[in-house]
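These notes concern the structure reproduced below.
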Amino acid sequence: MGFFRTVRTLCTRTGAFPELLNTPLWRAILHSVLLALLCPFVIATVQTCREKKNCTETLQRLEQESGGFGFCGNAMCFNGSFEERHYTFELFGSDMRLDYVTEENERNRLKPDHWREQSGVLITKDLAIFWTKTPDHSFLFWNIPADVIQAYLAPGNPPENMTEKLYAIARDTSATAPRSAKDLLAAAAVAKTPETAHATAVFVRQETDGILYGLLSLFWSLTFLQIISECLLLLVFGGLCFALMEFLYLRMMPRKLPFGKVYMLTLYAMFPAMIIASLSILLGQTFLSFQTVFLIAFFIYQLFSFKKLGLFLNPPEKRRQDDFPDDDDF
């Protein structure tokens, strides 16, 4: 069967396994990869479209508050007074903190341990430090140089090498252990570049559309990568574990299946569970994680599916009249 027909068959009944027994393992793997790409793509796209309006409104409010974000030469700056040097705004469903530091005494007044926001960005003339708190109140943060941000936000598509740099920075930072608030402040040390070097530069406003495109692109990429990594992890390791258990269960029956067939059917049993878990995210369900919904749905579906498969392979023998004791009353 083709991909979409297979998905429809699996999602409409639990007795579809006998029809799939002749399906080669490579086709099941190919179908699994296609679904593992399709579900994250739909989730990331729908979530990004939902966030576009709120993100646009947030950037407009921020521009009114700060006078507009831009660059003076290679230095990041704001066009207005931005007197408070701090702004809390809602982005992608959570409060984020923005701090703008240009002098050493401004940096020394920051108290990251007391920040109520869970994530944010700390901007200096030469760096944008994206940070997030961990459960133990440590910090993970990414230092993005101003020239990389300037190139990424340039009109048109960002240069491919700049996008690769952003992902490389994220990978390198994720590989390190969480750091303290002191480390965060140390990373935000104001550059020793003479102030006169930027004072004569002309302020070039960064259009809101460019920032919006960059934020939504990163949001889509991170959402897609997060969901696809979870899908592939469940398909590979979860599929092997559950296939082994089902293989041992079927071994106790007269008619058995080789492990390859069992693994193929286990992969297909994951299709309805992956679709249900994806729908739970699209419907805004936040109480249970993607993995939890997936495992609950998969456990129920595979329980009924493999039971029907066992009955198909080893149907109960028809009861004969002499199987019952004689009863003179009939």
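Nothing in this text is a laboratory measurement; each read-out follows from the coordinates by a stated rule. Bear in mind the structure is a predicted one, so any value in this text is a computation, not a measurement. Here the Cβ is made from the backbone with ideal geometry for all residues, glycine too, and neighbour counts use every protein chain on show.
For this structure, a couple of remarks:
- With the simple spin-label model, which puts each label point 7 Å out from Cα in the Cβ direction, the Ala128 to Cys49 separation comes to 2.6 nm.
- Pairs exceeding a 23 Å alpha-carbon distance, out of Lys133/Lys182; Lys53/Lys125; Lys256/Lys307; Lys52/Lys133; Lys52/Lys182: Lys53/Lys125; Lys52/Lys133; Lys52/Lys182.
- Length available on full extension from Gln64 to Asn22: 0.36 nm per residue minus the Cα-Cα distance, which gives 8.7 nm.
- Difference of contour (0.36 nm per residue) and Cα-Cα distance, Glu106 to Arg5: 30.2 nm
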